[in-house]
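What follows is a short report on a single structure.
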Amino acid sequence: MSTYLSKEVQAGIDAARKLAEKRKSRYRVVQGATTFRILRLWESGFTLDVETAPQLRGLVDIYDGGRHLYQCLIVTSESDGSEWRFDFKRNTAAADKAPLDFYRAPDAPIALLGKSGG
């Protein structure tokens with residue numbers, strides 16, 4: 001049995017794989033007003049389609065659908081022909097509220113009630 005595939009068949013397989021990755025990925029990277037769909041995301045970086053994305057660099061935001069996940073400082077690492085690979089220099093998780101400057105006990109009251117009546 002031969003494992004050789006012609007260039008046309010291999011190109012078709014690669015195109016189908018890339019299309020499937022684009023469809024299943026909800027992750028996107030935003031730089032300024034420009035948005036690009038992330039093909040793969042892992043702990044130290046991500047990949048974008050080389051045909052639709054430029055060599056990004058600097059501060060970007062990463063979203064999962066409409067939810068802001070990270071604010072990152074990135075550099076272009078390499079290209080394998082069909083994907084740009086980007087590495088995180090800094091990756092900070094986004095929060096929906098400001099951090100506290102003090103420890104808040106889990107059973108602490110939410111508010112204080114004053115005396116009623118007179």
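Laid out as a table, the results:
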read-out: Selection count, the stretch 60-82, where residues are under 16 Å from the mean Cα position of the chain (by Cα) and among the acidic types (Asp, Glu); value: 2
read-out: Test: residue in the stretch 100-116 that is exposed (fewer than 10 other Cβ atoms within 10 Å of the Cβ) and either in contact with a Lys or Arg (Cβ under 7 Å, 6 or more places away or on another chain) or closer than 30 Å to Arg37 by Cα (or both); value: no
read-out: So Gly118, is it at pLDDT 90 or above and of a type in the set (Gly, Ala, Ser); value: no
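The values are calculated or read from the model by the stated rules, or taken from the named source; none is laboratory data. Keep in mind that what you see is a predicted model, and the values were worked out from it rather than measured. In this analysis, Cβ positions are derived from the backbone assuming ideal geometry, glycine residues included, and neighbour counts consider all displayed protein chains.
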